[in-house]
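S.K.: Structure below; questions to follow.
What follows draws every value from the coordinates through simple rules; no lab data is involved. As the structure is a computational prediction, the values presented were derived from the model and not from experiment. All Cβ positions, glycine included, derive from the backbone under ideal geometry; neighbour counts span all protein chains shown.
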């Protein structure tokens, strides 16, 4: 053994060839933490010191190659002064450069995913051979960063600037065939040929058949683009990527600027340019928020995994109520491998559900993400029915009928009588109390909420709601089924609206107050979209459905009368009474026309303005900043109350619920991280400025206590 550590070993294989193997003890994956970097330093030094070594292959002892840097460790470094952070980055990069500068040929055998720092390790080698099922990429922009271990330097010199910009700015994971096509890897093989292929490459380089020094040289030189080519390439790329990323996500454009700045330098000077830009991004609030979301997501996955031990296996599911929502749930279950019965009381409901599932599957086939054979398999896994004939074998039933407690109770009691004793019943209600619905059941311990968000196939969140009598087995089984469907489950306790809708309605409450002051709803939408929301509140109301919002508001007002009950008519009442239900009937705050692709396009409708005049109580000058505060303060305060009331267990779950459930701007990290970014004390002071607007704007006693003690929700 030439070197042996807890993350890396270096051992002789044959004829002067050694294997440097990443195999981090105590972990299921390889990652670049401090220990791995330290051992890589020692491994490279050991190889340099051994004159008998003629070639190196780099392998992994895990199912993956290296998943990237351990962000939990590196995020602590981001608090260091800029100069210290740059120095630390360059010190780490020296390890990769010393590996690249070894006097013998090097080949990396990529057996599984190699992302971020893992792929940057691959780029430092002379040759790369990859398993056909593996993926490689530099996803750092998704964390508000860009590659910091030489990715912006080596990748453009290896695969060309255009390809490198696309890979780095998109942050996507690339399949083996795509990596081979652009020259990011030199060979693609099946898994059992990987070691042999790597050995073959290194032997050919040792013998002189392959000129590894010539292969290495472009990575050490400046980019092979003249001044005009550089200008055309980089200026075009910056304009396009800025349009795609938007103003709130600077990392993709900063990556291009860094490649541009370093274009006329050799590797070592280019790495200094990369390090300076990396540190600049690491200090941004966007990076802090996106890294926070990543860590929150890891926490959610960890919590969801804890339920696996007691969860029952779901081999057959059922959905009650077809239509768009039922069809979406059936599609999601079937496409992820769980057969599902889809029951409705009407044939046209069944047809609507099947049409929705067929459309979604057809879209996947058209995009090359599903084969026609797999589409047929998924469609066959959806069994439409007008009766309860096969329900005796079902493990979980998702009720998705009309949002009416009496109807839901009747349907749930009916289905409870035909399923086996241990079957789980789950309601897809968006606002109605699970404990209330459970009163109709003989086995309330088998009943939970399972709230999907529309459209089901796109929205990652599922709220799993624990009622007063829900058993842990019922909760665990529902969580496991949601995960199996490819969703992110958040377990919440029961209350009207649960987490997401309970928080959303105060946001709409702020919107109503602005309309009462005569503020133009189009202006409000533009301000909130600029703030980072995917759509403003008027447009969102139309998409959700004015009737749905009207019903939900009444449920919330009954549940929280002190702050959510309203006096007099509101904008939602006006629209509802005028039968302007939003996109579903082509008119709401906006009117809707079909565009060339057959999708509804919003247009400004003078009728809506005329209708809204009746609810204006006074005309007041309101700034853009006021608009944001009117909307965001009640949303944030209700999130605080959900955490204090134990509706969610952690701040991470609260924030992820809002990001995944209603599109809270990810670069702001969620409602509680947003309060942290403003400053808890400053946020309380801000809320008090709007105290005349009512109880929705009143900070809780505990939040005031946090403000007084200088506490935060995170860190």
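S.K.: Determine the calculated [θ] at 222 nm for the chain from helices alone, applying -39500 (n - 2.57) to every DSSP H run no shorter than 4 residues and normalising by the residue count; nearest 500 deg cm²/dmol.
M.R.: -16000 deg cm²/dmol
S.K.: On average over all directions, what projected area in square nanometres does region 314-494 have, based on the convex hull of its Cα atoms?
M.R.: 8.9
S.K.: Taking 8 Å as the Cα distance limit and 6 or more residues as the minimum spacing, I'd like the relative contact order of region 3-283 as a percentage.
M.R.: The normalised contact order for region 3-283 reaches 17 percent.
S.K.: Sorting 284, 478, 258, 685 on the 10 Å Cβ count, fewest up front, what's the list?
M.R.: With the sparsest Cβ surroundings first, the list reads 685, 284, 258, 478.
S.K.: Modelling each spin label as a point 7 Å along the Cα-to-Cβ direction, I'd like the residue 594/residue 695 distance in nm, to one decimal.
M.R.: That separation, rounded to one decimal, is 4.7 nm.
S.K.: A further question follows. Could you give the distance between the Cα centres of region 648-662 and region 447-502, to the whole Å?
M.R.: 12
S.K.: Same structure, new question: Run the numbers for residue 621 and residue 436: contour at 0.36 nm per residue of separation, minus the present Cα-Cα distance, in nm.
M.R.: Taking residue 621 through residue 436 to full extension adds about 62.2 nm, to one decimal.
S.K.: When the expected Rg is taken as 2.2 N^0.38 Å, what fraction or multiple of it is the alpha-carbon Rg of the chain?
M.R.: Ratio of Rg to 2.2 N^0.38 Å for the chain: 1.06.
S.K.: First measure r as the distance between the Cβ atoms of residue 472 and residue 712, then evaluate 1/(1 + (r/R0)^6) with R0 = 30 Å and state the FRET efficiency to the nearest 0.05.
M.R.: After rounding to 0.05, the efficiency reads 0.45.
S.K.: Please report Rg over Rh for region 473-553, where both radii come from the alpha carbon positions and Rh follows the Kirkwood definition.
M.R.: Taking Rh as the inverse mean 1/r over Cα pairs, Rg/Rh reads 1.10.
S.K.: Plugging the Kirkwood radius over Cα pairs into Stokes-Einstein for region 501-709, at a temperature of 4 °C and a viscosity of 1.567 mPa s, what D comes out in µm²/s?
M.R.: 73
S.K.: Points 7 angstrom from Cα along the Cβ direction at residue 705 and residue 38: gap in nanometres?
M.R.: Label at residue 705, label at residue 38, 4.1 nm between them.
S.K.: A follow-up question, please. Using the Kirkwood radius over C-alpha pairs as Rh, can you work out the diffusion coefficient of region 468-515 via Stokes-Einstein at 10 °C, viscosity 1.306 mPa s, in µm² per second?
M.R.: Translational diffusion coefficient: 123 µm²/s.
S.K.: Using R₀ = 41 Å, calculate the FRET efficiency as 1/(1 + (r/R₀)^6) where r is the Cβ-Cβ separation of residue 236 and residue 84; round to 0.05.
M.R.: Given R0 = 41 Å and the Cβ-Cβ separation, E is 0.65.
S.K.: Hey, another quick one. What is the calculated FRET efficiency for residue 685 to residue 25, with r their C-beta to C-beta distance and R₀ = 41 Å, to the nearest 0.05?
M.R.: 0.25
S.K.: Let me check against my output: what whole-number percent is the relative contact order of the chain, with C-alpha pairs under 8 Å and at least 6 apart?
M.R.: 8
S.K.: Under a point spin-label approximation (7 Å from Cα along Cα-to-Cβ), what is the residue 578-residue 229 distance to one decimal in nm?
M.R.: 6.0
S.K.: Test of understanding: what is the full-extension gain from residue 366 to residue 196, defined as 0.36 nm times their sequence separation minus their Cα-Cα distance?
M.R.: Once the chain is fully extended between residue 366 and residue 196, it gains 57.5 nm.
S.K.: If you line up the Cα atoms of region 545-637 on their principal axes, what length do they span on each, largest first, in Å?
M.R.: Taking the Cα atoms of region 545-637, the three principal extents are 45, 32, 27 Å.
S.K.: How are the alpha carbon pair distances in region 109-202 distributed across 10 Å bins from zero to the largest one, expressed in percent?
M.R.: 18, 54, 24, 4
S.K.: Still on this structure: Would you work out if region 1-60 is rounded, prolate or oblate? Take a ≥ b ≥ c from the square roots of the eigenvalues of the alpha-carbon gyration tensor; rounded if a/c is under 1.5, else prolate when a/b is larger than b/c, oblate otherwise.
M.R.: It comes out prolate by the Cα gyration axes.
S.K.: Label 7 Å along Cα→Cβ of residue 603; region 551-588 residues with amide nitrogen under 16 Å?
M.R.: Taking a point 7 Å out along Cα→Cβ of residue 603, the residues of region 551-588 whose backbone N falls under 16 Å are 583, 585-588.
S.K.: Would you kindly calculate the mean projected area, averaged across all directions, of the convex hull enclosing the Cα atoms of region 3-283, in square nanometres?
M.R.: The number I arrive at for region 3-283 is 13.9 nm².
S.K.: Give, in nm to one decimal, the length gained when the segment between residue 285 and residue 268 is fully stretched (0.36 nm per residue of separation minus the Cα-Cα distance).
M.R.: Difference between extended and current length: 3.2 nm.
S.K.: Turning to a different aspect of this structure: Cα centroid distance between region 271-291 and region 352-431, in Å?
M.R.: So the two Cα centres are separated by 46 Å.
S.K.: According to the Cα gyration tensor, what semi-axes, each the square root of 5 times an eigenvalue, does the equivalent ellipsoid of region 182-258 have, listed from largest to smallest in whole Å?
M.R.: 37, 19, 9
S.K.: With a ≥ b ≥ c the root eigenvalues of the C-alpha gyration tensor of region 1-127, is it rounded (a/c under 1.5), prolate (a/b larger than b/c) or oblate?
M.R.: prolate
S.K.: Tell me the angle of helix 267-282 to the major Cα principal axis of the chain, expressed in degrees between 0 and 90 and rounded to the nearest ten.
M.R.: Taking the Cα atoms of the chain, the angle to 267-282 is about 20 degrees.
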